[in-house]
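The values are calculated or read from the model by the stated rules, or taken from the named source; none is laboratory data. Because the structure is predicted, anything quoted here is derived from the model rather than measured. Here Cβ is always computed from backbone atoms with ideal geometry, including for glycine, and neighbour counts include all displayed protein chains. For accessibility, only protein heavy atoms count, side chains too; no ligands or nucleic acids. Shrake-Rupley method; radii C 1.70, N 1.55, O 1.52, S 1.80 Å.
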Amino acid sequence: MNQIAHWVLPDELTAPYPAQAVELLSRYFYTTLDDGSPAYTGAMFERFAGGGDATEVADTFTPADLVAVSLLSVDVPGAAALRIFGRDAENLNGLLERIPIDLGLCDAGEADIGPGSPADELWFSIRRCGVGPVTTSKLLARKRPRLLPVIDTVVKEVLGHPAKASFWLTLRAHLAADDGRLTEQLIAIRDQAGLPNISVIRCFDVLVWMIGKRDGIGDTRGRY
């Protein structure tokens, strides 16, 4: 699972003047319904209850993290939640504590995200609790939003990501390619949208997801 895939990035992420990408990102994070609630519940994912990487909770899974992932249209099964907060809590929180909080994916090494790393071990430990891969990725992204990306089925389909390849390593490779061209593009899009506190990899996830939804990929009824 450490193979790096080749992705074909959407035109919105490579255009010299990414106005469409800015519009899509802004629509996701700023659009509200008539009652003032977010049109896309996922717009509150990283900010709900102060964020999963807030100093006082950064190294501990909390009930608020499970609520946050539900904003991305997934749920942690009850039996799995009992394990996360019960018999597996010490192991999971111990692994989480070993994962850097301020490290960005573009700067991560094999020791940070490769096979056998604390992040890799934590992934499989959460999976063994009875949590699916998409939900696991969202739970980890909640705790380490700069380092560990959301891995959504719509996003994978848009990018053409194969099952045998590592999403983490592939995204890192694309962020670093051409002297960090994609990273710079995402930062520019994020800044134009006025979202400085949203991580680069979360902006990538949202943009590709919005493009996929616009193009009819996945369940178009979702408010992710």
Complete set of residues in region 151-172 that are touching a residue at least 12 places away in the same chain (Cβ under 8 Å) and open to solvent by 40 Å² or more (accessible area, probe 1.4 Å)
THR153, GLU157, GLY160, PRO162, LYS164, ARG172
Filtered residues of region 93-102 (kept if in a loop (DSSP other than H, G, I, E, B) and more than 17 Å from ALA54 (Cβ to Cβ)):
ARG98
Step by step: first the residues of region 1-46, then only those that are among the β-branched types (Val, Ile, Thr) and in a loop (DSSP other than H, G, I, E, B), then the one that is farthest from SER117 (Cα to Cα). Which residue is that?
THR31
I'm told ARG146 meets every condition in (1) open to solvent by 40 Å² or more (accessible area, probe 1.4 Å); (2) part of a loop (DSSP other than H, G, I, E, B); (3) farther than 30 Å from GLY94 by Cα except one. Can you identify the failing condition by its number?
(3)
Checked region 118-140 for anything open to solvent by less than 10 Å² (accessible area, probe 1.4 Å) and within 23 Å of THR55 (Cβ to Cβ); matches are ALA119, LEU122, ILE126, LYS138, LEU139, LEU140
Region 47-77, residues that are assigned to a helix (DSSP H, G or I) and polar (S, T, N, Q)
SER70
Taking the condition polar (S, T, N, Q), at pLDDT 95 or above and open to solvent by 20 Å² or more (accessible area, probe 1.4 Å), does THR220 pass?
no
